[in-house]
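Below: the structure, in C-alpha cells.
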C-alpha cells in the first residue's frame, strides 16, 4: 500500500462521514454513552475545527481533527478504517495535526481516549504524548485516559 496523503477534508463528504459513523459505532459499542466525547459531523464543521483525511490512491482511509481551544489544541475524531490499520495513516494524521498546531503557535496538544484502545495509546506514546489529568470540560473518569504533548 502506498503512503497515505493527508489533506484538509470535509466531514460531510460521504467517505469521511462513513469513517466517522464507523468510529462512533465502535465507541458506542465499547463504552457507555456518558464516556463518549466524540464530535458530531456538524460540530466538526464548526468554527475552530480543522478536519483532515488520509487517502491512499484516492480512497479515504482515515480522518482526524484539530480543535483550537485557545491555549492548546485538542486531537479529536482520530480514526483509521480497519482495513488500513498498520499502514501509517494514524501516524501521518497525527504528525500533520502537530504541524498545523505548531504553525498556529499552540503550545501543546491534548487528547482524551478510551482506556481499552491500546493501539491508539501506543500511537500517541510513540508520538511523544504523555499521560496527564483531565483538561477543559472533561471530568475524571476511569474509562478516559488523558494525554498531552508540549510543542
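Rule-based calculations on the coordinates, nothing more; no lab input. Only a predicted model underlies this, so the values are computations on that prediction, with no experimental measurement involved. Cβ coordinates were reconstructed from backbone atoms using ideal geometry, including for glycine residues, and neighbour counts include every protein chain displayed.
Please state the shape class of the range 85-151: rounded when a/c is under 1.5, otherwise prolate if a/b exceeds b/c and oblate if not, all from the C-alpha gyration tensor.
Oblate shape, in that a/c is at least 1.5 and b/c is the bigger or equal ratio.
Take residue 26 and residue 108, extend 7 Å from each Cα along the Cα→Cβ direction, and tell me the distance between the two endpoints in nm.
Label-label distance for residue 26 and residue 108, simple model: 2.7 nm.
Starting from the Cα of residue 13, step 7 Å along the direction of its Cβ; do the same at residue 143; then give the gap between the two resulting points in nm.
Result: 3.1 nm between the two label points.
Can you show me the helix-derived [θ] at 222 nm for the chain, built from DSSP H runs with n ≥ 4 at -39,500 (n - 2.57) apiece and divided by the number of residues, rounded to the nearest 500.
Here the helix-only value at 222 nm equals -9000 deg cm²/dmol.
Between residue 33 and residue 57, what is the spin-label point distance in nm, taking each point 7 Å from the Cα along the Cα→C-beta axis?
Each label point is offset 7 Å from its Cα along the Cβ direction, giving 4.1 nm.
Go through (i) 1.15; (ii) 1.04; (iii) 0.96 and flag the label whose value is the computed Cα Rg over 2.2 N^0.38 Å for this structure.
Checking each listed value against the structure points to (iii).
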